[in-house]
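The values are calculated or read from the model by the stated rules, or taken from the named source; none is laboratory data. In this text, all values refer to a predicted model and were calculated from it rather than measured experimentally. Cβ: placed from backbone, ideal geometry, glycine included. Neighbour counts: every protein chain shown.
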Amino acid sequence: MRRKIKRIALLIITNIFVLLQCLPANATDDLVNPMQTYLSIETKLKYENMMQSYQKGYEPIVEDEKVILVLPLKVEKGIKLDSNKLTASIKVNDGTTIPFKMRIYEKVFNLETVKSKSGKSQELYLVTFSLPLDENRINGSYPVNIQTKYKVKGQNVVQDFGLYINIKDGTEAESSSSTDAMRTENNLEVPMSEPAVSLGGNTSDTTGSENQENSGAPKIVVTKCSVSPEKPIAGQEMTFQLVLENKSKMEAKNLKLSFDSELGEIVPVGMQNSIFIDTLKAGGSQTVSFTMKAQEAITKVNQKITLSLKYVDKNGAELTDDQILFVKLGQPISILVDKAVINAEVESGKKTDVTIKVFNTGNTTIKNCMCSLDVDGLTDGGITFIGDIEPGASKQGKITAAVTQKSLGKEGATEDEKYGSTEGTLTVTYEDPSGTSYQEERSVRTKIKKSSKEDSDDKKSVKRSSQWSVSLVIGMLFIYIMTAIVLFIRKKRQP
């Protein structure tokens with residue numbers, strides 16, 4: 001009987017101990033939210049094969065018949081990818097035109113310490129792809145998706161990042177033909193048949209020009225022409241520089257060079273629209289320059305300037321010549337970027353949209369408008385492409401971001417450090433038709449609140465902790481009672 005009681009008591013004690021071990025304080029600590037993403041783009045630094053950081057409007061390098069994509073990815077604080085590696089691949093939607101050769105592009109990248117061009121080192125996954133370009137590529141902007149796959153605590157996670165490839169060295173989608181073939185030299189359009197701008201005779205009287213040349217009269221030729229700045233803008237001043245050379249064996253005297261705009265939309269700076277040269281010896285040359293200013297409101301991009309040249313030969317005979325120059329004028333960029341719009345309060349573990357509206361208030365098309373987000377606690381999928389915006393039009397950009405925590409993964413972080421008010425910037429980048437980049441920044445503010453699931457988990461954790469404490473007390477009390485019973489029976493049976 002005594003042995004039987006001992007066995008029963010030992011069995012009860014063992015079972016209670018096992019049950020207590022199976023009651024953890026928080027059974028959800030090691031679970032991973034399958035909707036959560038844990039990678040974000042490192043936006044502030046430049047790395048190998050990057051001309052600018054993502055914050056400054058990163059654009060993939062296109063050269064040597066290839067395009068190089070660089071995606072520096074950092075892991076949220078306190079998070080570790082299983083095996084410290086991820087798999088990245090290039091994804092393109094069916095039917096989408098691409099400028100590179102279609103192949104399967106997939107690589108495995110390991111976590112490594114990477115030094116930026118400024119010398120600062122960071123631990124990140126430097127995702128890099130070198131894609132061979134198609135020989136028949138067409139100029140334009142092409143969206144490309146880099147898909148990453150990785151595991152966190154055994155849970156599979158898929159996260160996409162969007163990039164845009166700008167092709168400028170391909171063929172035009174629509175080519176326009178012209179009866180007058182032209183070439184461009186320093187933004188000046190010159191007839192293809194002429195190696196330089198010629199002022200050697202009256203362009204409207206070919207016979208007179210030939211007679212002038214055959215008679216040995218002075219022949220003045222423009223051997224060089226340029227305009228500064230190289231890309232003149234409407235509303236700004238521009239300086240033309242011409243090199244006049246006397247190609248004949250006769251001296252030219254009393255040269256007068258006048259310049260006038262056909263539409264009157266480019267006017268001389270100052271009171272004079274003429275330049276005077278006393279003599280230009282046979283075989284000699286003279287550099288002349290003059291400054292003009294274009295009106296802000298122009299009716300044509302291609303402006304015509306008439307150069308009128310008058311001079312006399314050694315016999316006092318007056319010679320005249322008119323030469324036409326064309327100059328392409330760019331339009332000044334003018335945009336209005338509205339405030340960034342986001343919910344005043346967002347919930348951790350869910351997704352939220354951040355929108356921005358861009359208005360083109362100028363007279364020229366805004367090219368390759370994009371936006372990116374940099375806010376603690378909000379993880380986006382990279383750069384969002386807004387597109388080209390025509391004059392007078394507007395477009396909206398929308399970034400869908402995953403809401404995490406302000407100090408995700410920080411050990412010992414308090415509730416105030418994890419949740420509450422957070423702020424950062426939304427950066428809008430864009431280009432003018434010449435490819436010059438600009439950017440605007442807008443502040444983003446919101447409040448991150450704890451998700452209902454996290455609240456529920458906390459309550460369950462407290463409840464489990466209370467249940468565990470009660471179970472422990474009951475178990476100890478039961479052990480005490482059973483021990484007392486055994487001792488009582490043993491004492492009772494002693495003689």
Given the structure, is Asp457 surrounded by 12 or more Cβ atoms within 10 Å (Cβ to Cβ), charged (D, E, K, R) and at pLDDT below 75?
-> yes
Filter the range 245-259 down to residues that are in a strand (DSSP E or B) and among the polar types (S, T, N, Q) and give me whichever is surrounded by the fewest Cβ atoms within 10 Å (Cβ to Cβ).
-> Asn254
Scan the range 327-354 for residues that are within 29 Å of Lys168 (Cα to Cα) and surrounded by fewer than 16 Cβ atoms within 10 Å (Cβ to Cβ) and report the count.
-> 3
Return a yes/no flag: does the range 378-393 have any residue that is among the hydroxyl-bearing types (Ser, Thr, Tyr) and modelled with pLDDT of 90 or more.
-> no
So how many residues does the range 227-244 have that are assigned to a strand (DSSP E or B) and among the small types (Gly, Ala, Ser)?
-> 1
Any chance Ser116 is assigned by TED's automatic domain parsing to the domain that holds Pro72, touching a residue at least 60 places away in the same chain (Cβ under 8 Å) and hydroxyl-bearing (Ser, Thr, Tyr) | yes
Checking Ile104 against (1) surrounded by fewer than 11 Cβ atoms within 10 Å (Cβ to Cβ); (2) assigned to a strand (DSSP E or B), which single condition isn't satisfied?
-> (2)
Given the structure, is Pro195 part of a loop (DSSP other than H, G, I, E, B) and either touching a strand residue (DSSP E or B) at 6+ places or on another chain (Cβ under 7 Å) or modelled with pLDDT of 50 or more (or both)?
-> no
Quick one: count up the residues across the range 83-101 that are part of a loop (DSSP other than H, G, I, E, B) and in contact with a strand residue (DSSP E or B) (Cβ under 9 Å, 6 or more places away or on another chain).
-> 7
Filter the range 143-177 for residues that are closer than 22 Å to Tyr430 by Cβ, modelled with pLDDT of 85 or more and of a type in the set (Phe, Trp, Tyr) and give the result.
-> Phe161
For the range 117-164, enumerate the residues that are of a type in the set (A, V, I, L, M, F, W, C) and under 20 Å from Ser40 (Cα atoms).
-> Leu124, Leu126, Val127, Phe129, Val144, Ile146, Val152, Val157, Val158, Phe161, Leu163
Filter the range 355-386 for residues that are under 27 Å from Asn343 (Cβ atoms), in contact (Cβ under 8 Å) with a residue 60 or more places away in the chain and under 12 Å from the mean Cα position of the chain (by Cα) and give the result.
-> Cys369, Met370, Ser372, Leu373, Gly382, Ile383, Thr384, Phe385
Does the range 259-277 contain any residue that is more than 29 Å from Ile333 (Cα to Cα) and over 49 Å from the mean Cα position of the chain (by Cα)?
-> yes
Determine, yes or no, whether Leu124 is under 22 Å from the mean Cα position of the chain (by Cα), assigned to a strand (DSSP E or B), modelled with pLDDT of 90 or more and crowded, with 20+ Cβ neighbours inside 10 Å.
-> yes
Do you know which of the residues in the range 263-306 that are without any contact (Cβ under 8 Å) to a residue 24 or more places away in the chain and among the aliphatic types (A, V, I, L, M) is surrounded by the fewest Cβ atoms within 10 Å (Cβ to Cβ)?
-> Met271
